[in-house]
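Working notes for the structure below.
The values are calculated or read from the model by the stated rules, or taken from the named source; none is laboratory data. Quantities reported herein were computed from a predicted structural model and do not represent experimental measurements. Counting neighbours? That spans all protein chains shown, and the Cβs are built from the backbone with ideal geometry, glycine included.
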Amino acid sequence: MILNERRIIYAQDIMAMTGRSKSYAYENLKQIRKHFKKAKHQLVSLQEFAAYHGISVDDLKQFGS
């Protein structure tokens, strides 16, 4: 996972960071899309994920290193 180079977060990234299941990761992305009023087809950015969870983007990027 190379979060330093990407701007989008995927379910696989959430699974690796949290140690939770695929269904949890997809549900989490769904909740973030709803929070930011995004359509189903729209992607979730690192900034949106970080803001939703109260984590700094730098902390997320360190995880990906």
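Just to be sure before I move on: is Ala39 of a type in the set (Gly, Ala, Ser), out of contact with any Cys (no Cβ under 8 Å at 6 or more places or on another chain) and in a helix (DSSP H, G or I) in the structure I sent? No; evaluated as a whole, the condition is false for this residue.
Please indicate, with yes or no, whether at least one residue in segment 4-22 is in contact (Cβ under 8 Å) with a residue 60 or more places away in the chain and β-branched (Val, Ile, Thr). Within segment 4-22 (the criterion being in contact (Cβ under 8 Å) with a residue 60 or more places away in the chain and β-branched (Val, Ile, Thr)), the answer is no, since none of the residues qualifies.
Residue by residue, here is whether (1) within 17 Å of Gln62 (Cα to Cα); (2) touching a Lys or Arg at 6+ places or on another chain (Cβ under 7 Å); (3) modelled with pLDDT under 95 holds:
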residue: Asn4; (1), (2), (3): yes, yes, yes
residue: Thr18; (1), (2), (3): yes, no, yes
residue: Ser21; (1), (2), (3): no, no, no
residue: Tyr24; (1), (2), (3): no, no, no
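Scan segment 8-31 and tell me whether some residue there is among the charged types (D, E, K, R), touching a strand residue (DSSP E or B) at 6+ places or on another chain (Cβ under 6 Å) and surrounded by fewer than 16 Cβ atoms within 10 Å (Cβ to Cβ). No, there is no match, as no residue in segment 8-31 is among the charged types (D, E, K, R), touching a strand residue (DSSP E or B) at 6+ places or on another chain (Cβ under 6 Å) and surrounded by fewer than 16 Cβ atoms within 10 Å (Cβ to Cβ). Does Phe49 satisfy being crowded, with 16+ Cβ neighbours inside 10 Å and not hydroxyl-bearing (Ser, Thr, Tyr)? In short, yes.
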